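J.: Take this structure first; my questions come after.
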Amino acid sequence: MVDREQAWSILCEFTKSEGLRKHALAVETCVTAYARKLGGEAERWSVAALLHDFDWEIHPTLEGHPQKGEPILAERGVDEEIRRAVLSHADHTGVARQSPLEKALYACDELAGFITAISYVKPRRSVFEVDVASVKKKMKDKAFARSVNREDIVNGALELGVPLDDHIDFCVQAMQARAEELGLKGGL
């Protein structure tokens, strides 16, 4: 099995953008928190989260990502369960989400990016200034972080079987616990 260190290496090989690397870390933060909560294997869930967008810079279209990246992961020894989770995080692939890992990855992807975006516009640019109310308020503002799919956030919580407010709070708290590493500690 590919471990976290190897997954990080693969991510860095294909992803040069610091922002996309931070996004992978933010998603990993939320997904591994769910692994602990749901009894999943944290290292496996971490690997899936780190690799979910590893190919975005080389396949930046719906026709390419993540379908064209999946064979690269197979060549690198990433097992089928993790490759399937990567494929299932995007609705357009047609890979239905079945496992708790797949559902958690989908549920955390857009939300982690949205929480990050909100953190950046707060006065101290800190995730410690983000809460459920601020996330829900920004979800209504269609001009804010336009690329974040609000339906995916809502549907992710539904598929995971967690009330939306609880899901948001859970991910905010997880990201606060790793704020420094995520670059979201801000000017506290």
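Laboratory data are not the source of any read-out in this text; all were calculated from the coordinates shown. Bear in mind that the values here come from a model prediction, so they are computed numbers and not experimental data. All Cβ positions, even for glycine, are placed from backbone atoms using ideal geometry, and neighbour counts span all protein chains on display.
J.: What does the charge count around Ala107 come to, taking other residues whose C-beta lies under 10 Å from its C-beta (Lys +1, Arg +1, Asp -1, Glu -1)?
T.: Spelling it out: positives minus negatives among the neighbours equals -3.
J.: Another question about this same structure. Could you point to the residue in Ile10, Val172, Pro100 farthest towards the positive end of the range 4-182's charge dipole, with +1 and -1 charges on the Cβ of Lys/Arg and Asp/Glu respectively?
T.: Towards the positive end, the residue furthest out is Val172.
J.: If each of Arg146 and Arg125 carries a label point 7 Å out from its Cα toward its Cβ, how far apart are those two points in nm?
T.: My value for the distance between the label points is 2.3 nm.
J.: How many angstrom separate the Cα center of the range 148-172 from the Cα center of the range 30-66?
T.: Cα centroid to Cα centroid, the span is 16 Å.
J.: Can you give the net charge of the other residues whose Cβ lies under 10 Å from the Cβ of Gly156, counting K and R as +1 and D and E as -1?
T.: -3
J.: Moving to a separate point now. Neighbour counts of other C-beta atoms within 10 Å: give me Val132, Val172 arranged from fewest to most.
T.: The order, fewest Cβ neighbours first, is Val132, Val172.
J.: Additional query: Sorting Arg124, Arg178 on the 10 Å Cβ count, fewest up front, what's the list? Write out the running numbers ahead of the final one.
T.: On the way: Arg124 12, Arg178 18.
Starting with the residue having the fewest Cβ neighbours, the order is Arg124, Arg178.
J.: Calculate how steeply helix 4-14 sits against the longest principal axis of the alpha-carbon atoms of the chain, using the helix alpha-carbon long axis, and give the answer as 0 to 90 degrees to the nearest 10.
T.: Value to nearest ten degrees: 90.
J.: Mind giving me the nanometre distance, one decimal, between the label points for Asp166 and Glu180, set 7 Å out from Cα along Cα→Cβ?
T.: It is 3.2 nm.
J.: Okay, next question. Subtracting the Cα-Cα distance from 0.36 nm times the residue separation, let me have the gained length for Asp91 to Lys68 in nm, one decimal.
T.: Net length gain for the segment: 6.8 nm.
J.: Taking the Cβ of Gly186 as the centre, find all other residues whose Cβ is under 9 Å away and add up their charges (Lys, Arg: +1; Asp, Glu: -1). Show your work: numbers first, answer last.
T.: Numbers: positive: Lys122, Arg124, Arg125, Lys185; negative: Glu129.
Neighbour charge sum, excluding Gly186 itself: +3.
J.: Another question, if that's okay. Could you run the Karplus curve 6.51 cos²θ - 1.76 cosθ + 1.60 with θ = phi - 60° over the range 57-64 and give me ³J(HN,Hα) per residue in whole Hz, x for Gly and Pro?
T.: 5, 9, 9, x, 10, 5, 6, x
J.: Debye sum, Cα scatterers, the chain, no solvent: what log₁₀ I/I(0) at q = 0.14 1/Å?
T.: For the chain at q = 0.14 Å⁻¹, log10 I(q)/I(0) is -0.71.
J.: Taking only C-alpha pairs under 8 Å that are 6+ residues apart, what is the relative contact order of the range 33-188 in percent? Each step should come with its number before you reach the end.
T.: On the way: 174 pairs, mean separation 31.4, N = 156.
Computed over the range 33-188, the figure is 20 percent.
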